[in-house]
Amino acid sequence: MTNKTPVRVTCIVGARPNFMKMAPILAAFEVHGDFDARLIHTGQHYDVEMNAVFFQQLGLPEPDLNLGVGSGTQTTQTAQVMIGLENEFLANSPDLVLVVGDVNSTVAAALVAAKMRIPVAHVEAGLRSFDRDMPEEINRLVTDRISDLLLTTERAAGEQLEREGISSEAIHFVGNVMIDSLLSNLKQAVPIAETLSKRGFDQDIVHSISTEYALVTLHRPTNVDNSSQLSGLLDVLSDFAKRMPIVFTLHPRTRARIDAASLNDKINGPGFHVVPPLDYFAMLGATKGASLVVTDSGGLQEETTALGIPCLTVRENTERPITIKDGTNTLVGASPDLLAQALGSVSKDKTKHSRTPELWDGHAAQRIATVIYSYIKSLS
Ligand code: UD1
């Protein structure tokens with residue numbers, strides 16, 4: 001640290017997709033040298049495989065505090081994060097609170113800080129699915145409305161914020177920190193064969209995925225909380241698995257829904273290989289080696305675009321339009337029939353034309369550090 005007064009930033013993480021976004025930012029603060037950062041984990045995600053393993057692989061420091069809120073309804077979870085953070089901000093009065101993404105912990109932190117008149121910076125601002133059935137969309141709208149610095153991953157996000165009446169001076173197009181993490185960790189990616197072998201899969205299964213496989217993840221409430229929707233999607237996937245082996249990473253929410261609706265038979269058929277949530281390096285390897293990714297995740301739409309892997313998104317909308325415009329993403333729709341149709345026309349040609357979106361260059365976190373530093377200094 002230099003002899004200048006450091007900028008005191010409290011950084012909030014809560015759920016799995018937050019960790020890969022925050023890691024490069026904390027590293028950039030360190031390199032910048034004039035930051036005094038505090039890391040608070042809300043505890044929204046708590047399983048080792050959803051949480052601790054990411055801290056270790058991403059080199060995230062131990063949080064200064066873990067609120068341990070755990071699971072709950074939307075309101076309970078958000079409210080508990082708010083109560084915990086009010087105490088934290090009162091005790092440590094930061095110059096700025098930094099939030100990333102769109103999870104419940106993000107909006108809870110932004111609300112508490114804004115009401116205490118602490119400046120808020122939102123990383124990944126301005127993304128819109130225009131679908132309020134997604135809890136994340138409400139989180140994005142509220143967080144952006146009350147943030148002071150809006151840090152965007154693509155130009156369309158800034159344009160959207162301006163349409164919503166946010167001053168252009170508050171908006172900074174910085175690029176994508178998720179891709180900072182991806183690029184800096186790619187050399188650590190663990191090949192899928194190793195991941196499956198380690199988990200005790202037979203060698204003939206490991207061999208069967210050596211030429212091609214589809215990586216599948218589904219966890220959005222709209223896809224998994226309704227048992228007929230979930231059942232329909234699993235039918236289509238298990239059919240496809242006879243043509244191309246599937247590696248299905250099972251989010252805890254999806255696992256619980258499959259158990260509750262007694263759908264386990266649908267994920268045990270030929271070519272259908274189920275694994276628990278993968279750690280970051282294993283997931284990078286699984287994505288990089290896939291012929292195709294089928295998902296409803298936001299992060300994977302971006303990661304497949306950065307890696308040039310075709311992605312079928314099982315949703316009616318995406319808040320990340322650049323992954324379609326420039327990248328490898330195709331929006332399928334959410335109905336099982338549409339998924340069957342899209343999978344039916346999957347070709348062996350992996351080379352869907354794509355280009356890396358602007359500023360997805362591995363240096364977004366540095367730009368964020370510069371913007372935040374200048375902003376705080378401009379206030380004093
Ligand atoms: C949350 C985010 C979502 C993100 C996803 C990544 C919100 C509104 N949603 O969804 O945007 O894509 O994280 O995973 O914040 N569970 C465990 N162990 C855990 C965490 C969750 O078993 O460590 C189970 C619990 O049964 C819990 C359920 O998963 O009730 C859902 O967890 P929750 O944090 O509410 O939302 P996600 O579906 O994970």
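The values are calculated or read from the model by the stated rules, or taken from the named source; none is laboratory data. Since this is a predicted model, take the numbers as computed values, not measurements. Because the Cβ atoms are built from the backbone with ideal geometry, glycine has one as well, and the counts that use them run over all protein chains shown. These accessible areas exclude ligands, DNA and RNA; they are computed on the full protein's heavy atoms, side chains included. Shrake-Rupley method; radii C 1.70, N 1.55, O 1.52, S 1.80 Å.
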Treating only the Cβ atoms of Lys and Arg (+1) and Asp and Glu (-1) as charged, compute the dipole magnitude of the stretch 226-380 about its Cα centre; round to the nearest 20 debye. 220 debye
The chain - mean residue ellipticity at 222 nm from DSSP helices (-39,500 (n - 2.57) per run, n ≥ 4, rounded to 500): -13500 deg cm²/dmol
Alpha-carbon gyration tensor eigenvalues x 5, square-rooted, for the chain, Å: 35, 21, 20
Among all the aspartates and glutamates, which ones have a C-alpha under 12 Å from residue 115's C-alpha, if same-chain residues fewer than 8 places away are not counted? 86
Taking every alpha carbon pair in the stretch 278-353, what does the distance histogram look like in 10 angstrom bins from 0, in percent? 20, 53, 26, 1
Mean accessible surface per residue for the stretch 190-348, computed with a 1.4 Å probe while every protein chain stays in place, in Å²: 37 Å²
My understanding is that a pair violates if its Cα-Cα distance is over 26 Å; which of 198/242; 4/187; 21/288; 325/377; 21/266 do that in this structure? 4/187; 325/377; 21/266
Compare 191, 24, 61 in a GNM of the chain, Cα atoms joined below 10 Å, and give the one with the largest fluctuation. 61
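In square nanometres, what is the average projected area of the Cα convex hull of the stretch 224-263?
The orientation-averaged projected area of the Cα hull of the stretch 224-263 comes to 2.7 nm².
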I want to verify a result. In a Gaussian network model of the chain, Cα cutoff 10 Å, which of these has the top mean-square fluctuation: 44, 57, 203? 203
Skipping prolines and chain starts, which residues have an amide H placed within reach, meaning under 5 Å, of the one on residue 36, given they are 5 or more residues away or on another chain? 7, 8, 9
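Provide, as a two-decimal number, the C-alpha radius of gyration of the stretch 22-131 over 2.2 N^0.38 Å, N being how many residues it has.
My calculation over the Cα atoms of the stretch 22-131 gives 1.07.
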Would you mind telling me which residue in 364, 91, 37 has the biggest mean-square fluctuation in a Gaussian network model of the chain, where springs connect alpha carbons within a distance under 10 angstrom? 91
Just for the Cα atoms in the stretch 190-348, what are the lengths along the principal axes, largest first, rounded to whole Å? 39, 35, 28
State to the nearest 20 debye the size of the charge dipole of the stretch 1-61 about its Cα centre, where the only charges are +1 on K and R beta carbons and -1 on D and E beta carbons. 160 debye
